[in-house]
Number of protein chains: 2
Amino acid sequence: MYNDENIQKMETLKGNAVLVDGVVLNGPIINSNCGEKFIEDVYQILMTELVYKASDTNQKVCEWQDPEPLKELLDLNLKDFGEPHQKLLQLCKNAIKYSVKTSHPRFFNQLYAGMDHYSLAARFITEALNPSVYTYEVSPVFILTEEAILKKMIEFLGWEEGDGIFSPGGSISNMYALNLARYKYCPDIKEKGLSNTPRLVMFTSEECHYSMKKAAAFLGIGTENVYLVKTDDRGKMIPEELESQVQQAKKEGSVPFLVSGTAGTTVLGAFDPLDEIADVCEKHKLWFHVDASWGGSALMSRKYRKLLHGIHRADSVAWNPHKMLMAGIQCCALLVKDNSGLLTRCHSAEASYLFQQDKFYDVRFDTGDKSIQCSRRADAFKFWMMWKALGTTGLEERINRALALSRYLANEIKKRDGFELLWEPEYANTCFWYIPPAFRNMEKGVEYWIKFSKVAPTIKERMMKKGSMMIGYQPHRDKVNFFRHIVISPQVSRKDMDFVLDEIERLGRDL
Amino acid sequence: MYNDENIQKMETLKGNAVLVDGVVLNGPIINSNCGEKFIEDVYQILMTELVYKASDTNQKVCEWQDPEPLKELLDLNLKDFGEPHQKLLQLCKNAIKYSVKTSHPRFFNQLYAGMDHYSLAARFITEALNPSVYTYEVSPVFILTEEAILKKMIEFLGWEEGDGIFSPGGSISNMYALNLARYKYCPDIKEKGLSNTPRLVMFTSEECHYSMKKAAAFLGIGTENVYLVKTDDRGKMIPEELESQVQQAKKEGSVPFLVSGTAGTTVLGAFDPLDEIADVCEKHKLWFHVDASWGGSALMSRKYRKLLHGIHRADSVAWNPHKMLMAGIQCCALLVKDNSGLLTRCHSAEASYLFQQDKFYDVRFDTGDKSIQCSRRADAFKFWMMWKALGTTGLEERINRALALSRYLANEIKKRDGFELLWEPEYANTCFWYIPPAFRNMEKGVEYWIKFSKVAPTIKERMMKKGSMMIGYQPHRDKVNFFRHIVISPQVSRKDMDFVLDEIERLGRDL
C-alpha cells in the first residue's frame, strides 16, 4: 500500500480530486491487484505446506522454539509503514512453519485433530463472505443452514422438537445451559439479578470439564455452589451419590436447579449414566443438562450411540462437532428441548436497530436474540457442508474407526512390557503409563512416585523438541502424570498407533 | 467418499487388513485427492465470485429470496450418503450466490463491511492450521502474535502497561469487563456467588449497546440494575446526570460498581465524554469500562483520536478491529489496565490436564486461564498480518477516509431537497430521513408520522429486492424510522455516496 509508486499515484489523483478534510474521495484507495496477488500466493503456500502435507508422516508435527527466540523469528513488531509483498509472504511462511500441525496424523494432544477438506473449503467461503449471523436479511444462507443442521442434531438426540444455537465453544454452551436453567427456575432473575435469591446450587461430577466452574463463577452462581458428585472407578457419576447430595443440599436450605451429566469426560473419556441421572432430575424437578461437547458425536454411530443412552431425557445438550467430527474450530451447538421460545425469552434484549418488527419478511428468521452475542460467526455452515459431502454414514465411519484405533492401541499397550493401561477406553481417550526399565523393579514408595511423575513430562519435552508427535499428559485422580492419547482423524492408521508406542520407548527408555 | 470406486477399494483392502471391531485399521480411510481437488475448485469459485468482484459495483449486493423458496434452492436436507463432487460445488455456488456480499462497496448496513485481502489471507492460514489458543505448546505463533498486538493496542490507549484477551465479540468483551469489575469489588463473588451480596448496580448511557443488558442478565446482575444515564442531543452521556444517579443509587442502598462509557454508539456513532466520566468514576471509586467496540479504531487516526479523549483513564476497554478496521468477523479485544494478573485470577479454573505447571517451558505463555472459553480461535493473527501489511499509517488512512466520506454524504444530504440530516455525524454513522414529494407539504400530525414511518422500510424492501445496496433503518429516540448509513471500506468512493442518495430517491419518490 505504501510503496513509492502508490504514493505517487495518490499525489497525481489529488490534482483533480474531490477533497474533504484533505482526503481524496475519488475511486477506491486500495490497490486490489496487490491484495488479490497476496491471497493467491498465500493460498499456494498453504496448500503446499499444509493441505498437501496433511497426511505426510515424514513432516514434523511441530518445530519447537522457546518463546523468546520465536518472538525474534516471527518479527512481531508493528510499524508505521507496511511491509512489501515478499516480506509478508515470508511472515506467513514462518507462521506456518512454527505452528503446530494439528492436522498431522501424529497429533494426539487435544480433543480436536485432523483436516476435513470439505469443512476447510466451507470455512474459506465463510471467511470470504464475512457474514454475521443475527438477521435473515444479512445472513439468509447461514440462518437457514444453521436451522437445518440444528434440526438434524436434535433428531440424533432423539427429541421430537427443540431449539438451539451455535456458540463460540463448549464452555459458553454450558453457560447457556446454566442461564436457561435458572431462568426456568425463576424468570425474574433476568431483571432482578441474584442478590435477593436463595443460594442456587448445581451438580456435576468430579470428572466434569473445568468450564462448569468457570460458568458458575461468570454467571454469579459461585464455584462453591457447584457440587461435585463422586464418580466410580471408570469416572462415571454415581447416581446414588447425586441423589444424596441433592437431598443434602435441600436440607441445607439451598436451591438445587441443575444437574450436568458429562458424556465423554475430558481426561478419561467416560460417559455418565444419563438415564439414571435423568431419574434423579425428574424426581427433584431439576434441569438436566448434558455436556456432550466431546462425546456427543458418538450419537452418529449406530454402534456407539448407546454410550449416551438417556440423552433424549435431557433439557439441554452441548455438542461440539469441531472435536470428534473435525468440523474446524469452532463448531459448537447448544441444543435445547424446549420449543416454546425459552432460548429467546431468556437472552433477548430486543434491540430496535437490529430486530425491527416492521421488516418485509418473516422476522422469526432473525434469530440473533437467542444469542448472548451480537456479531456471531457462521459456524454451522462448515458442518452442514461436511455432512453433505460425507453423509451420515461417512461421519459414522469416522467415529467407528477412531474408537477401533483406540481399542487397538489399548490392546497393544496391554501386550507390551513397560506400558500400563490405566483404564479400559470407552471412547477415543487412552490413558497409560510408560515405565522405563530402570523403574520396573523399584519399590513403589513416595520417592518412586515423585521420580516417576517426571517421566511423562520428560518424554513430552523430547517428543516436542524432536517434532515426531504430540500427546498430552497430566496427573489425575490418584495417578501421577500419565499420557492421554486421543484418536480422531481418519488419516491415522494402525501404523501410527504402533509408532506412538515405539517412539515413547525410544524417547524414554534411558530415564 | 462414498462413490462406488472407494467402496470397492475399501473391500479390497479388507482382504489383508488389520481388523478391530470390523473396522479396517490399515492406511488412512480418506481419499485426500478428492478433498484436495474440492478445496482447489472451491478456491477458484470464491476468488472468481467474491474476491475479484469485491469492488465491482455492477454486481448485486444481495440476491433476495424469501426463506421458504431459499430453503428449496439451497437443498438443505442432510442424507445418509455423501453427494458427488459436482453437486457439492453447486451447493457452494448457491451459498455464495444467495449470501449478502458484505464486501460490496454498497453494503452500508452494519458496523462491518469491505474486504481486507491481507486479513483474508491470514484467515485462510488459521483455518488451514486449525489452532486453539490456550497453551504455548499447541499455539506458539498465535500466543505470541496475540501478545504483540495486545501490547500495541494498549499503547494506542495511552496506557503504560496492561493485559488483554481476544474474545468472540464485543458483547462478550463487555461481559468480561463486568466480571472484572465485580471481582475487583469483591473477589469472594467468584466462589460464593451473588446470593448474599448487596444489589450491585452499573451505569451506562441510554444510547449504549444492547449487550450491556444482555451482560447484566447473563452475569446474574439483572437488567434492572443497569442504570441508564441520560444523554445530550447528540447522544453523549451527560456526566452530571451520571453523578446524580450514582448518588441516588447509593442513597437507595445499592452498590455502584461500574460505569461503562460508549465510544461510538451503535445508531448515532456518538462518543461519550470519557474524561469527565473518568472524574466521576475516580470520585466514587468505580470501575471505568469503555465500550469502544465501534469507535476504538479512531485511536489509530491522529486526527480523530481526540474523540476518545480520556480513554487512558479507563480500567478496561472493548475494541473490535473487525468493525472499522475490517479485520474480519470476529476480531475483538478486551483490554485491561491492570497488569497484576487480575484477568487470570478472575477467570482461572486451573485445569490440571491443560495447564500443567511442570512443563518444560515458561508456562506464563499458557494464557488460556485468562479466558472464559476453553478452545479459542486465533483472532489476533489476522489483525497482526493486516497491520504488518498496511502499517499504522495505512490503517489511519482508512479511518480518515471513511470519516471524510461520511462528512461528504452529510453535506450532500443537506444540499438535497427531500433529505433531512438528523444529526451531524461525529463518526461513520450518518442518520437521515428521505421525505418523498407527497409528504413534503403534509401537516405533521400523528397520521403523518404513522405514514412516514413506513417510508424507510418500504425503500429498504425495494433496495433488497433490487439488490442495488443495503442500508439499515430504525426508529430511535423521538425520530420515526430513519436510515443509518455506515461507511467503512476503502473500496467506497464519493460516487457511491452520490449513488446512495440518487437510489433512495429513485426507490422512494412515488411513496
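The values are calculated or read from the model by the stated rules, or taken from the named source; none is laboratory data. Owing to the predicted nature of the structure, the values given are computational and were not obtained by experimental measurement. Here Cβ is always computed from backbone atoms with ideal geometry, including for glycine, and neighbour counts include all displayed protein chains. Calculation scope for accessible area: heavy atoms of the full protein, side chains included, ligands and nucleic acids excluded. Shrake-Rupley method; radii C 1.70, N 1.55, O 1.52, S 1.80 Å.
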Original post:
What dipole magnitude, in Debye to the nearest 20, does the stretch B:176-257 give about its Cα centre under +1 on Lys/Arg Cβ and -1 on Asp/Glu Cβ?
Top reply: 360
Subject >> Only Lys, Arg (+1) and Asp, Glu (-1) charged, at Cβ; chain B dipole about Cα centre in debye >> reply: 1040
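On average over all directions, what projected area in square nanometres does the protein assembly as shown have, based on the convex hull of its Cα atoms? Working shown, then result.
Values: hull surface 158.4 nm².
Spelled out: convex hull of the Cα atoms, projected over all directions, averaged, 39.6 nm².
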Original post:
How much solvent-accessible surface does B:ASP379 expose, in Å² to the nearest 10, with a 1.4 Å probe and all protein chains in place?
Top reply: 10
**OP:** Quick one: give the max-minus-min coordinate of the C-alpha atoms of chain A along each principal axis, largest first, in Å.
**Re:** 85, 63, 44
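I want to verify the translational diffusion coefficient of the stretch B:391-508 in µm²/s; compute it with Stokes-Einstein, Rh as the Kirkwood radius over Cα pairs, at 10 °C and 1.306 mPa s. Please report the intermediate quantities before stating the final value.
Working: Rh = 15.0 Å.
Translational D for this selection: 106 µm²/s.
What does the net charge come to around B:TYR434 if you take all other residues with beta carbon closer than 15 Å to its beta carbon, with K and R at +1 and D and E at -1?
Values: positive: B:LYS414, B:LYS415, B:ARG416, B:ARG440, B:LYS451, B:LYS454, B:LYS460, B:ARG462, B:LYS479, B:ARG484, B:ARG506, B:ARG509; negative: B:GLU412, B:ASP417, B:GLU420, B:GLU461, B:ASP498, B:ASP502, B:GLU503, B:GLU505, B:ASP510.
Counting the neighbours of B:TYR434, the net charge comes to +3.
Could you work out the local net charge near A:ASP163, counting Lys and Arg as +1, Asp and Glu as -1, over the other residues with Cβ closer than 15 Å to its Cβ?
On the way: positive: A:LYS151, A:LYS152, A:LYS184, A:LYS337, A:ARG345, A:ARG364, A:LYS370; negative: A:GLU146, A:GLU147, A:GLU155, A:GLU160, A:GLU161, A:ASP315, A:ASP338, A:ASP366, A:ASP369.
Net local charge, A:ASP163 excluded: -2.
Give me the inter-chain shielding for B:72-82: mean count of other chain Cβ atoms within 10 Å, whole number please. Each step should come with its number before you reach the end.
Working: counts 0, 2, 6, 2, 10, 5, 14, 5, 5, 5, 11.
Mean partner-chain Cβ count within 10 Å for B:72-82: 6.
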Original post:
How large is the charge dipole for the protein assembly as shown, taken about the Cα centre, if only the Cβ atoms of Lys, Arg (+1) and Asp, Glu (-1) carry charge, to the nearest 20 debye?
Top reply: 180
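What order, most packed first, do the peptides A:436-449, B:79-92, A:223-236 have when packing is the mean number of other Cβ atoms within 10 Å of each residue? Please report the intermediate quantities before stating the final value.
On the way: A:436-449: 10.9, B:79-92: 15.6, A:223-236: 18.1.
Packing proxy ranking, top to bottom: A:223-236, B:79-92, A:436-449.
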Subject >> Three-way shape label, the stretch A:155-266, alpha-carbon gyration tensor, a/c 1.5 >> reply: oblate
**OP:** Enter the mean number of other protein chain beta carbons within 10 Å of the beta carbon of each residue in B:45-54, as an integer.
**Re:** 4
Subject >> Spin-label model distance (nm) - A:ARG477 vs B:GLN357, 7 Å beyond Cα toward Cβ >> reply: 2.4
Original post:
Which aspartates and glutamates, on any chain, are close to B:LYS184 with Cα under 16 Å apart, when same-chain ones fewer than 8 places away are left out?
Top reply: B:ASP163, B:GLU282, B:ASP315, B:ASP338
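To the nearest 0.05, how large is the calculated FRET efficiency for A:GLU206 and B:ASP75 if R₀ is 45 Å and r is the Cβ-Cβ distance? Numbers along the way, then the final one.
On the way: r = 46 Å, r/R0 = 1.02.
Efficiency computed from Cβ-Cβ geometry: 0.45.
Roughly how much accessible area, to the nearest 100 Å², goes out of reach of solvent when B and A pair up, both sides summed, probe 1.4 Å? All intermediate terms of the calculation are to be shown ahead of the outcome.
On the way: alone 25200 and 25230 Å², together 34090 Å².
Counting protein atoms only, the buried area is about 16300 Å².
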**OP:** Using only the alpha-carbon atoms of the stretch B:194-255, report the extent along each of the three principal axes, biggest first, to the nearest angstrom.
**Re:** 40, 27, 11
**OP:** If a/c stays under 1.5 just call it rounded; otherwise compare a/b with b/c (prolate if a/b is bigger, oblate if not). Do that for the stretch B:38-155, with a ≥ b ≥ c from the square roots of the Cα gyration tensor eigenvalues.
**Re:** oblate
Subject >> All lysines inside 19 Å of A:LYS151 as judged from Cα atoms, apart from same-chain residues fewer than 8 positions distant >> reply: A:LYS337, A:LYS370, A:LYS382, A:LYS388, B:LYS71, B:LYS79
**OP:** Please compute the net charge surrounding A:VAL42, taking Lys and Arg as +1 and Asp and Glu as -1 over other residues with Cβ under 15 Å from its Cβ.
**Re:** -1
Original post:
Per residue, how much accessible area does the stretch A:119-239 show when a 1.4 Å probe rolls over the protein heavy atoms, in square angstrom?
Top reply: 26
Original post:
Along Cα→Cβ at 7 Å, what distances in nm separate the A:ARG440 label point from those on the other copies, shortest first?
Top reply: 9.7
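Can you put B:HIS476, B:HIS309 in order of accessible area, largest first, using a 1.4 Å probe? Provide the component values of the computation, followed by the final result.
On the way: B:HIS476 35, B:HIS309 115 Å².
Largest to smallest exposure gives the sequence B:HIS309, B:HIS476.
Give me the inter-chain shielding for B:98-105: mean count of other chain Cβ atoms within 10 Å, whole number please.
Details: counts 3, 13, 12, 4, 7, 3, 0, 1.
If you average over the peptide's residues, the count of other-chain Cβ atoms is 5.
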Original post:
In nm, to one decimal, how far is the modelled label at B:TRP449 from the one at A:LYS414, with both set 7 Å along Cα→Cβ?
Top reply: 7.9
Subject >> Copy-to-copy label separations for B:THR223, where each label sits 7 Å from Cα toward Cβ, in nm and ascending >> reply: 3.1
**OP:** Return, ordered by residue number, the residues of the stretch A:476-511 whose backbone nitrogen is under 11 Å from a label point located 7 Å along Cα→Cβ of A:ALA438.
**Re:** A:509-511
Subject >> Using a 7 Å Cα-to-Cβ projection, A:ASP41 label spacings across copies, nm, ascending >> reply: 3.0
Subject >> Charge-dipole axis of the stretch A:391-508 as Lys and Arg at +1 and Asp and Glu at -1 on Cβ define it, positive-most pick from A:GLY508, A:LEU405, A:ASN441 >> reply: A:GLY508
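Out of all DSSP beta bridges with both ends in the protein assembly as shown, state the antiparallel percent to the nearest 5.
Details: 48 of 86 bridges.
If we restrict to bridges inside the protein assembly as shown, about 55 percent are antiparallel.
According to the square roots a ≥ b ≥ c of the eigenvalues of the Cα gyration tensor, what is the shape class of the stretch B:277-379, taking rounded for a/c under 1.5, prolate for a/b larger than b/c otherwise, and oblate for the remainder? Let's see the in-between values first.
Numbers: a/c = 2.80, a/b = 1.54, b/c = 1.81.
Verdict is oblate for the stretch B:277-379.
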**OP:** For A:TYR98, A:TYR136, write out the residues from largest to smallest accessible area, computed with a 1.4 angstrom probe and no ligands counted.
**Re:** A:TYR98, A:TYR136
Original post:
With θ set to phi - 60° and the Karplus curve 6.51 cos²θ - 1.76 cosθ + 1.60, what are the ³J(HN,Hα) couplings of the stretch B:452-463 in order, to the nearest whole Hz, using x for Gly and Pro?
Top reply: 5, 5, 8, 5, 4, x, 5, 5, 4, 4, 5, 5
Subject >> Protein accessible area in chain B, 1.4 Å probe - carbon and sulfur % >> reply: 47
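Percent relative contact order of chain B, based on C-alpha pairs within less than 8 angstrom and at least six residues apart?
Values: 864 pairs, mean separation 92.1, N = 511.
Once divided by the residue count of chain B, the mean separation gives 18 percent.
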